[in-house]
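S.K.: Before we start, here is the structure in question, set down as structure tokens.
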Number of protein chains: 2
Amino acid sequence: MKLRPIAEVGAELGLAPDDVHPWGTNRAKVSLDALGKQGDRQGRLVLVSAINPTPPGEGKTTMSVALAMGLRRRGRKAVAALREPSLGPVFGVKGGGTGGGQSSLEPAADINLHFTGDLHAITSANNLLAALVDNAVYYGQPVAIDSTRVRWRRAMDMNDRFLRNVIIGLGGKAHGVPREAAFDITAASEVMAILALSENLKDLEERLGRVVVGHSPDGKPVRARDVDAAAAMVAVLKDALMPNLVQTREGGPALVHAGPFGNIAHGCSSVVGTRMGLAYADEVVTEAGFGFDLGAEKFLDIKCRNTGLWPRGVVLVVTLRALKYHGGAPLARVAEPDSAALARGFAHLEKHLESVRAFGLPAVLCVNRFPQDTESELDELRAFGKERGVEMAVCEGFTRGGEGALELADRVLAMLDATDAAPPAPRFLYELKQSPEEKVRAIARTVYGAEDVAFTASARKDLEMVRELGGSELPVCMAKTHLSLSDDATKQGRPRGFTLMVREVRLSAGAGFMVALTGDILTMPGLPREPAAKRITVHDDGRITGLMQGE
Amino acid sequence: MKLRPIAEVGAELGLAPDDVHPWGTNRAKVSLDALGKQGDRQGRLVLVSAINPTPPGEGKTTMSVALAMGLRRRGRKAVAALREPSLGPVFGVKGGGTGGGQSSLEPAADINLHFTGDLHAITSANNLLAALVDNAVYYGQPVAIDSTRVRWRRAMDMNDRFLRNVIIGLGGKAHGVPREAAFDITAASEVMAILALSENLKDLEERLGRVVVGHSPDGKPVRARDVDAAAAMVAVLKDALMPNLVQTREGGPALVHAGPFGNIAHGCSSVVGTRMGLAYADEVVTEAGFGFDLGAEKFLDIKCRNTGLWPRGVVLVVTLRALKYHGGAPLARVAEPDSAALARGFAHLEKHLESVRAFGLPAVLCVNRFPQDTESELDELRAFGKERGVEMAVCEGFTRGGEGALELADRVLAMLDATDAAPPAPRFLYELKQSPEEKVRAIARTVYGAEDVAFTASARKDLEMVRELGGSELPVCMAKTHLSLSDDATKQGRPRGFTLMVREVRLSAGAGFMVALTGDILTMPGLPREPAAKRITVHDDGRITGLMQGE
């Protein structure tokens, strides 16, 4: 596949040549200086989200890339502002995260492997802090730290279950202080969330300095700045804060930058990437992790609140198979026509449309079309949307690229044009001054459809700690299964009358949110019995295959 | 400091624009395709080595850069082919590894931090193999591995003593199998040694596949290829195999690539980097880690034997302070004039000059001049060299850059010109067919000046294992203190009559050598009480200071 020179892609977006730094073949980093050159110019922000997916996912990234390509075919200067993939899944089950079929980001293999080194820089910064923390444990300076209360974990960008629970510092006095410890995959590091939310190097340094790494022997919180870590971490992250420029399969620009976990973090691409897109493009297509209940809520209540950004509208991705799944069809049969299951599944969709309205946003329904989807099923969905005042577009981006996304592009442009006179104003589900319990309740009732919220005794203790550390006025980052509106992954459709149980609350003082966990959240995946690594081949010409599923 | 555009630096060396891939500001990777475009053209290879250093080091890298700059000022197309630094020391004691003063590599801060991501790629490849090995331990497939005999260790590019001895796989059945494990710093990974020695992607894949990772329950060796790791590791290392192009402070080209440890590995920059230099430059200045006894011996007996390369001559770096140290002056007083200590120190130098001759190579003595060095001391050294037929050059590269290295450049050119008619032929200290014990003995007697060699019972058992695994015809990679010619770091000067004690032998089947360890070798450094990380500052303009000592 012949790619455009990346300088040309940057020029199309209007970036000055000096601001585009090539970083390996067909990749570039964009200087943050470019942000200051466009005055008040602001493109229109489109948020791509989805209903709760079936386990294989709904193709949100594929639809986002397709939409950007469709808009470009309509003569718009459109850019996709997306998350960057982690190395871990490439060797695990899922494979790469660069869209699919004819709607992918390129160079896909490079983006899925080292890209421009952002994940590596985050791993290094995370582990530099860990080494400095344990060095303070060891020497008792520059601050004494209680070895039984170290909170900072090490990171590795690899699916490695053996590192979930470890004991470190063994081997005698010269080699540390034995203590229990753990590794997270890099995307789950608070450093990733911080990088994604930082506006500039100064903001980055301040946020890193605030991270709570443990407690002193007398119970006082110890922060990263107390072990002199913040500036060194910024040195490690300096380049990583610049957004990455790549291209869609059709040669249009894409800003792919930062990829925090969608559970224990907010799951959005970087603030600087979004700002860069808005400064230069007519439309910026961005996505938030998982379904609207998790990803979009956090995008709006955390990322948008933090930045003052607000989208013009939402593209809600659905697949007929997921609707049938939510309507009670077994996963193995969702590819078959089943009008009754489909109709029952509309209740699930309806809840998400209510949530979109709760944020005061217009929406377009985007059907990620599969070959088996029938016209009559599509008509039923179209009619359902019409009744609720929502237009539907069938997108065949996977098989036909931007050509297959023209209907979607037109519907989105119509939605955006309708907001030009009076763009939607930010509207949040809760105020920061509310208590943490009230904030969680607001999210759970409005977006999940819960009857109430309960906190375990342990979570209530966590909340006390959050208050002591001065974190109670931060927004809440919900960690919940993405497979159900409720906190029970087996409940499809539109669960009602349930009580959401918060089991644990963690403070991410640097990222600037508290995390409310509603179940066991695994922050270090494992490899499956047959790792994807086995499929990978490097050919004589240096071409790599096997990084993506079905390749 | 204003740097030249890296494309221009590549063009000066004669590289085609297509072969120079920019990789971040002022850095580039050179396509391996460039190797095939110069036919049989071969520049002249100069090996920079040193006497055994004082603990602060002798400034070998600084002298290498200075020599390359001096040669360039004499109108030669000269390139420095050097090792790339590891992230670990940057935050530890030593600071960055890009030369010093007016003889440094640029962009120094970037080279010392992420550079082009090679170290990160090596860490990832190392840890991908570790995850695949433990996944096989866990599932018992594709091959069963005895969890008590896993030999492959994880890697991190960080000084982190708490990771030297760990227990992993805790937390119950879902999270692995508890077992003792360890982390090495990335430069100590066999993957680094393999990358440095590989000729191309195919060679890289074969070497990786041969790595012995552990044993099956019935005692058979398990190799990386048995857990399907080799091709996926090559995918991770593909870009890292391309040599990196940067510039000297005076704008000349430098190929900076790979940096294996000088103790448990061979301590030389990459084979492809050296080959690239020889294909394009008139002179290639390369260095080997530590003193001549360790670094140069391994450069010649391992890297050169492996590739068919052979230098035209040696530059032996000395400092007056180190000679006085070897002559018995206490470290605190080596800056003071002490003619008697200096004269006694010549015995140490004499041994190294004998070793150079044992390899059949001519040498130039290079004095890395310090401000306190007096003319009369320099004259004494010059006279000592003259008696042994070796020319001396005083190099003030640290303070005066290439201008301060003109005498050195002239002496080196004279040495090289004298070899044009009959270039020195490869001459090794031992034949591969000799037994491992005989190989170690040959090195110890000829280069260290040992009376004999002894093996502990444990080392003899290791040698049996090496034989069983088919490794006895591999060259020997000596791991010995770099502070003495002997295996006792406290013995300066020219120790005689000692018996070298080999305590352990390891097999690096992928790199293609066996490692004979003569003492405790620490493969994961720790941070000091006052980590260098504390000095680092990121300024408002993005400039980083504090990465190098004395900055």
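S.K.: What's the number of the only condition in (1) outside any loop (DSSP other than H, G, I, E, B); (2) surrounded by fewer than 22 Cβ atoms within 10 Å (Cβ to Cβ); (3) within 26 Å of the chain's Cα centre (by Cα) that residue A:251 fails to meet?
M.R.: (1)
S.K.: Hey, another quick one. Can you tell me which residues in segment A:208-240 are within 11 Å of another protein chain (Cβ to nearest Cβ), of a type in the set (D, E, K, R) and out of contact with any strand residue (DSSP E or B) (no Cβ under 7 Å at 6 or more places or on another chain)?
M.R.: Result: A:228, single match.
S.K.: When you check residue B:315 against the structure, is it farther than 17 Å from residue B:46 by Cβ and β-branched (Val, Ile, Thr), yes or no?
M.R.: Judged against the criteria, residue B:315 is not a match.
Rundown of residues vs (1) under 19 Å from residue A:390 (Cβ atoms); (2) buried (at least 24 other Cβ atoms within 10 Å of the Cβ), yes/no style:
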site: A:263; (1), (2): no, yes
site: A:267; (1), (2): no, yes
site: A:278; (1), (2): no, no
site: A:284; (1), (2): no, yes
site: A:300; (1), (2): yes, yes
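S.K.: Okay, moving on. Looking at segment B:306-338, which of its residues are among the hydroxyl-bearing types (Ser, Thr, Tyr) and touching a helix residue (DSSP H, G or I) at 6+ places or on another chain (Cβ under 7 Å)?
M.R.: First, pick out the residues of segment B:306-338 that are among the hydroxyl-bearing types (Ser, Thr, Tyr): B:307, B:319, B:325.
Answer for segment B:306-338, where residues must be among the hydroxyl-bearing types (Ser, Thr, Tyr) and touching a helix residue (DSSP H, G or I) at 6+ places or on another chain (Cβ under 7 Å): B:307, B:325.
S.K.: Among the residues of segment A:458-465, are any hydroxyl-bearing (Ser, Thr, Tyr) and surrounded by 15 or more Cβ atoms within 10 Å (Cβ to Cβ)?
M.R.: No, every residue in segment A:458-465 fails to be hydroxyl-bearing (Ser, Thr, Tyr) and surrounded by 15 or more Cβ atoms within 10 Å (Cβ to Cβ).
S.K.: In segment B:346-390, what count of residues is obtained for those that are touching a residue at least 12 places away in the same chain (Cβ under 8 Å) and among the acidic types (Asp, Glu)?
M.R.: Count: 4.
S.K.: If you take the residues in segment B:116-171 that are at positive phi and surrounded by fewer than 22 Cβ atoms within 10 Å (Cβ to Cβ), which one is farthest from the other protein chains (Cβ to nearest Cβ)?
M.R.: Filtering first and then ranking leaves B:140.
S.K.: Taking into account only those residues within segment A:188-207 that are among the charged types (D, E, K, R) and buried (at least 24 other Cβ atoms within 10 Å of the Cβ), which is nearest to the other protein chains (Cβ to nearest Cβ)?
M.R.: A:207
S.K.: Mind telling me which of the residues A:542, A:493 ends up being part of a loop (DSSP other than H, G, I, E, B) and touching a residue at least 40 places away in the same chain (Cβ under 8 Å)?
M.R.: Among A:542, A:493, only A:493 is part of a loop (DSSP other than H, G, I, E, B) and touching a residue at least 40 places away in the same chain (Cβ under 8 Å).
S.K.: Does segment B:172-187 hold any residues that are farther than 15 Å from residue A:169 by Cβ, more than 7 Å from chain A (Cβ to nearest Cβ) and small (Gly, Ala, Ser), and which are they?
M.R.: Hits for segment B:172-187 are B:172, B:174, B:187.
S.K.: Now for a different question. In segment A:92-211, which helices (runs of 4 or more DSSP H) lie fully inside it and hold 2 or more residues that are hydrophobic (A, V, I, L, M, F, W, C) and within 23 Å of residue B:90 (Cα to Cα)?
M.R.: A:118-139, A:190-197, A:201-210
Here is a yes/no grid of residues against (1) surrounded by 20 or more Cβ atoms within 10 Å (Cβ to Cβ); (2) facing chain B (nearest Cβ under 9 Å); (3) part of a loop (DSSP other than H, G, I, E, B):
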position	(1), (2), (3)
A:505	yes, no, no
A:511	yes, no, yes
A:515	yes, no, no
A:519	no, no, yes
A:523	no, no, yes
A:527	yes, yes, yes
A:530	no, yes, yes
A:548	yes, no, yes
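S.K.: Yes or no: residue B:58 out of contact with any helix residue (DSSP H, G or I) (no Cβ under 7 Å at 6 or more places or on another chain), outside the structural domain of residue B:199 (by the TED database) and under 28 Å from residue B:317 (Cβ atoms)? Reasoning before the result, please.
M.R.: On the way: out of contact with any helix residue (DSSP H, G or I) (no Cβ under 7 Å at 6 or more places or on another chain): no; outside the structural domain of residue B:199 (by the TED database): yes; under 28 Å from residue B:317 (Cβ atoms): yes.
It is false that residue B:58 is out of contact with any helix residue (DSSP H, G or I) (no Cβ under 7 Å at 6 or more places or on another chain), outside the structural domain of residue B:199 (by the TED database) and under 28 Å from residue B:317 (Cβ atoms).
S.K.: Now for a different question. Cβ-Cβ under 6 Å, sequence separation 6+ or interchain: first residue in segment B:66-79 and closer than 17 Å to residue B:48 by Cβ, partner of a type in the set (Asp, Glu) and crowded, with 24+ Cβ neighbours inside 10 Å. Which pairs?
M.R.: Qualifying pairs under 6 Å: B:71/B:283; B:76/B:283; B:78/B:283.
S.K.: Look through A:456, A:446, A:537 and report the one residue that is over 24 Å from residue A:187 (Cα atoms) and within 14 Å of another protein chain (Cβ to nearest Cβ).
M.R.: After ruling out the rest, the residue left standing is A:537.
S.K.: Among the acidic types (Asp, Glu) and either touching a His at 6+ places or on another chain (Cβ under 9 Å) or over 17 Å from residue B:245 (Cα atoms) (or both): which single residue out of B:33, B:40 fits that description?
M.R.: After ruling out the rest, the residue left standing is B:40.
S.K.: If you check every pair at least six apart or on different chains, which have Cβ atoms under 6 Å apart with a residue in segment B:311-340 that is over 17 Å from residue B:381 (Cα atoms) and among the aliphatic types (A, V, I, L, M) first and a residue that is modelled with pLDDT of 95 or more and outside any strand (DSSP E or B) second?
M.R.: The qualifying pairs are B:314/B:356; B:314/B:361.
S.K.: With a cut-off of at least 1 residues that are over 19 Å from residue A:50 (Cα atoms) and of a type in the set (Val, Ile, Thr), name the helices (runs of 4 or more DSSP H) lying wholly within segment A:328-435.
M.R.: A:397-400
S.K.: While we're on this one: Keeping to segment A:6-55, report how many residues are more than 14 Å from chain B (Cβ to nearest Cβ), over 26 Å from the mean Cα position of the chain (by Cα) and in a helix (DSSP H, G or I).
M.R.: 4
S.K.: Okay, moving on. Among the residues of segment A:84-110, how many are at pLDDT 90 or above and within 12 Å of chain B (Cβ to nearest Cβ)?
M.R.: Qualifying residue count, segment A:84-110: 3.
S.K.: I would also like to ask the following. In segment A:175-209, which residues are of a type outside the set (A, V, I, L, M, F, W, C) and without any contact (Cβ under 8 Å) to a residue 40 or more places away in the chain?
M.R.: As a first pass, look at segment A:175-209 and keep what is of a type outside the set (A, V, I, L, M, F, W, C): A:175-176, A:178-180, A:184, A:186, A:189-190, A:198-200, A:202-203, A:205-207, A:209.
Listed by number, the residues that qualify are A:175, A:178, A:180, A:202, A:203, A:205, A:206.
S.K.: Check off (1) in a loop (DSSP other than H, G, I, E, B); (2) free of Cβ contacts under 8 Å to residues at least 60 places away in the same chain; (3) among the hydroxyl-bearing types (Ser, Thr, Tyr) for residue A:458 and give me the number that stays unchecked.
M.R.: Single failed check for residue A:458: (1).
The values are calculated or read from the model by the stated rules, or taken from the named source; none is laboratory data. Please read all numbers here as calculations on a predicted model, not as lab measurements. As a convention, Cβ positions derive from the backbone with ideal geometry for all residues, glycine included, and neighbour counts pool all protein chains shown.
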